[in-house]
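Taken together, the values in this text are just the output of simple stated rules run on the coordinates, not laboratory data. Quick caveat: nothing in here was measured; it's all calculated off a predicted structure. Positions of Cβ are backbone-derived with ideal geometry, glycine not excepted, and every protein chain shown enters the neighbour counts.
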Amino acid sequence: MTKKAIILHGTGSGPDDFWLPWLGRELAAQGYHVTAPQLPEKDTPRLDVWTPFALAHLSFDKDTVLIGHSAGCFLILDVLQRIDTPIAKAVLVAGFATPIPHMPGDHPMLLQNRDWTKMRNNCRDFIFIHADNDPWGCLPPQGEYMRGKLGGTLMVMSGHGHFGSNIFKEPYPAFPMLLGAVTIDTQKPAAS
């Protein structure tokens with residue numbers, strides 16, 4: 001069994017920003033095969049660009065953990081409704097599933113058609129991590145909404161903002177709690 005971790009950045013950032021490279025190094029040291037792609041058009045992301053890129057360049061199997069930050073979480077949700085092989089875990093950091101203050105309901109990163117059942121069936125474990133003061137509006141109610149649709153665990157941290165933001169000058173170089181969330185074995189048994 002080769003454990004795989006795929007780390008997906010958010011809008012306006014990349015795989016070398018915030019805690020992403022730190023997490024990649026820590027997971028590699030624990031035996032994970034780590035992939036952290038630079039997603040195309042990072043400053044103006046669109047699911048109709050990001051999802052085809054992810055499906056063409058990444059592989060998913062029962063030992064895969066997907067970790068997303070901000071808009072990378074929406075990519076995870078879209079991938080989960082399009083793949084045919086269930087993965088081990090999805091960890092969504094500062095994610096959102098409904099419009100947030102700066103984003104209209106028809107934004108190209110929002111899923112317009114959602115198959116929550118397929119997403120849930122394609123992932124054995126979900127973890128949602130939010131801060132109570134996220135300046136972008138990716139607050140705990142967003143995590144609670146997703147947990148209501150997908151199951152899993154919601155973790156709320158006090159005073160951690162967006163867990164990294166260039167605009168709000170949040171460098172966030174390391175994220176030990178996230179490492180624990182990724183590596184802890186909270187998986188439900190695979191369906192038989």
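Pairing each residue of region 160-187 that is in a loop (DSSP other than H, G, I, E, B) with any residue that is exposed (fewer than 13 other Cβ atoms within 10 Å of the Cβ), provided the two are 6+ apart or on different chains, yields C-beta distances under 8 Å for His160/Asn133; Gly161/Asn133; Gly161/Phe168; His162/Phe168; Gly164/Pro171.
Selection of region 33-59 for residues being part of a helix (DSSP H, G or I), more than 15 Å from the chain's Cα centre (by Cα) and in contact (Cβ under 8 Å) with a residue 40 or more places away in the chain yields only Asp48.
Among (1) buried (at least 22 other Cβ atoms within 10 Å of the Cβ); (2) under 26 Å from His160 (Cβ atoms), which single condition is Ala54 missing? For Ala54, the exception is condition (2). In region 33-51, the residue that is surrounded by the most Cβ atoms within 10 Å (Cβ to Cβ) out of those that are out of contact with any Leu (no Cβ under 8 Å at 6 or more places or on another chain) and not β-branched (Val, Ile, Thr) is Lys42. Selection of region 11-32 for residues being crowded, with 16+ Cβ neighbours inside 10 Å and either touching a Leu at 6+ places or on another chain (Cβ under 9 Å) or assigned to a helix (DSSP H, G or I) (or both) yields Ser13, Pro15, Trp19, Leu20, Pro21, Trp22, Leu23, Gly24, Glu26, Leu27.
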